[in-house]
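Notes for the one structure printed next.
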């Protein structure tokens, strides 16, 4: 597949699924500590998400980096928009911003934000 | 080949001259770093845009030469 075709495929994944995590390994068996951290956060929050294992296809691994202009994996998409890699997701989770963002975008998760 | 912490700092400051950069070598192997970067350039930018600026500064080394760089970015007084 050409890079354009890969980008079209990625665009379709993030359009068809509310939450998509491009990662090394699978959500059951992450093969990188950074991917594993994001999986743990999403599982903790009870978010339903589609995982894409970039280790299965070098074209996807390279394609997702050029698609987002982001040089590393994992990459999390919510409602078609790139939210961040491991550091950003962890920071947002710790500040409860991730939970708020999911709620605002209508993505169901087990943790509802606490009212002040 | 691993990358030297001073080289990381030099590249970041080349792109963001006002940046305050703190780098820690997490594993002592020259391959796993954490960097805290404070720069006025970050104000008004999303976290993704802030990190993208750093990745641009690293001139393609991120994800290749440099395997792991945990990033924490902020604007002064935020």
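Which of the residues belonging to the stretch B:1-24 are in a strand (DSSP E or B) and either more than 14 Å from chain A (Cβ to nearest Cβ) or at pLDDT 95 or above (or both)?
Residues satisfying the conditions are B:20, B:21, B:22, B:23.
Starting from residues that are assigned to a loop (DSSP other than H, G, I, E, B) and facing chain A (nearest Cβ under 9 Å), keep the ones in the stretch B:47-60 and report whichever is farthest from the chain's Cα centre (by Cα).
Going through the qualifying residues, I end up with B:60.
From the list A:64, A:73, A:38, A:20, exactly one residue is in a loop (DSSP other than H, G, I, E, B) and crowded, with 21+ Cβ neighbours inside 10 Å. Which is it?
Exactly one of A:64, A:73, A:38, A:20 is in a loop (DSSP other than H, G, I, E, B) and crowded, with 21+ Cβ neighbours inside 10 Å, namely A:73.
Counting only residues that are in a loop (DSSP other than H, G, I, E, B) and out of contact with any strand residue (DSSP E or B) (no Cβ under 8 Å at 6 or more places or on another chain), which one in the stretch B:25-44 is farthest from residue A:70 (Cα to Cα)?
B:28
Which residue is farthest from residue B:53 (Cα to Cα), if the candidates are limited to the stretch A:76-95 and must be more than 9 Å from chain B (Cβ to nearest Cβ) and buried (at least 20 other Cβ atoms within 10 Å of the Cβ)?
Looking at the filtered set, the residue picked out is A:78.
Could you count how many residues in the stretch A:27-43 are touching a residue at least 12 places away in the same chain (Cβ under 8 Å) and in contact with a helix residue (DSSP H, G or I) (Cβ under 9 Å, 6 or more places away or on another chain)?
Result for the stretch A:27-43: 9.
Does residue A:19 satisfy the condition of being away from chain B (no Cβ under 14 Å), farther than 24 Å from residue B:26 by Cβ and touching a residue at least 60 places away in the same chain (Cβ under 8 Å)?
yes
Could you check how many residues of the stretch B:25-58 are exposed (fewer than 14 other Cβ atoms within 10 Å of the Cβ) and at pLDDT 90 or above?
Final tally of qualifying residues: 5.
Quick check on this structure: which one of A:89, A:41 is over 30 Å from residue B:59 (Cβ atoms) and within 14 Å of the chain's Cα centre (by Cα)?
Answer to the selection: A:41.
Which residues, counting only those in the stretch A:49-72, are under 13 Å from residue A:13 (Cβ atoms), in contact with a strand residue (DSSP E or B) (Cβ under 6 Å, 6 or more places away or on another chain) and within 14 Å of chain B (Cβ to nearest Cβ)?
A:54, A:64, A:68
Could you run through the stretch B:45-78 and say how many residues are free of Cβ contacts under 8 Å to residues at least 12 places away in the same chain and farther than 21 Å from residue A:67 by Cβ?
So the answer is 1.
The values are calculated or read from the model by the stated rules, or taken from the named source; none is laboratory data. Quick caveat, the model's predicted, so the values are computed rather than measured. Glycine gets a Cβ as well: all are built from the backbone with ideal geometry, and neighbour counts include every protein chain shown.
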